[in-house]
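Asks: What follows is a single structure, and I will ask about it in a moment.
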Amino acid sequence: MTPDGDDPPNGPSETPGGDRSLEDIPLSLDALLDILANERRRYLLEYLWDQPGNVGSFEAATKYTITKVGQKRGSQPNHDDIQVDLQQHHLPKLADAGVVEYDVRSQTIRYHEHERLESLYESVRAYELD
């Protein structure tokens, strides 16, 4: 608010620099589909949805993803390859979209509920081939 009690020109949810929080910006259909387009991101989301409070450890998420990829391929992928891929590519993409928050120090991932993403996931999942 400004000193005279009005909201700032950029609106109440924006930061002083004029940027809105990522959680305040609705994701487009294309952004949602892009998030779900990769199986490793889907596995990461599945893992988080199954955790109490939608919070889990990075190592457990990595192991879950390795198991799911291994079941689909018929052979276990390399742990380090999956870990690096999640940490360097998929977690940043999800974080940039405002879907997850990753704390590097505690190695904790927190999912931010997103009803449209979850609903679309259920629809997309019906088309996924085993």
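All of the numbers you see were taken from the coordinates with simple rules; none came from a lab. Note that this is a predicted model, so its numbers are computed, not measured. For neighbour counting, all protein chains shown are included, and Cβ atoms are generated from backbone atoms with ideal geometry for every residue, glycine included.
Asks: Criterion first (in contact with a strand residue (DSSP E or B) (Cβ under 9 Å, 6 or more places away or on another chain) and over 29 Å from LEU29 (Cβ atoms)) does THR108 satisfy it?
Replies: yes
Asks: Could you tell me which residue of the range 38-88 is surrounded by the fewest Cβ atoms within 10 Å (Cβ to Cβ), considering only residues that are closer than 23 Å to ARG125 by Cβ, of a type in the set (Phe, Trp, Tyr) and within 14 Å of the chain's Cα centre (by Cα)?
Replies: The selected residue is TRP49.
Asks: Give the range 97-124 a look and list any residue that's hydroxyl-bearing (Ser, Thr, Tyr) and either surrounded by 14 or more Cβ atoms within 10 Å (Cβ to Cβ) or under 11 Å from LEU48 (Cα atoms) (or both), or say none. Steps first, answer last, please.
Replies: Narrowing the range 97-124 to residues hydroxyl-bearing (Ser, Thr, Tyr): 102, 106, 108, 111, 119, 121, 123.
Hits for the range 97-124 are TYR102, THR108, TYR111, TYR121.
Asks: Report, ordered by the first and then the second residue, all pairs with beta carbons closer than 8 Å, sequence separation of six or more or different chains, a first member in the range 91-108 that is free of Cβ contacts under 8 Å to residues at least 40 places away in the same chain and in a strand (DSSP E or B), and a second member that is aliphatic (A, V, I, L, M) and exposed (fewer than 11 other Cβ atoms within 10 Å of the Cβ).
Replies: none
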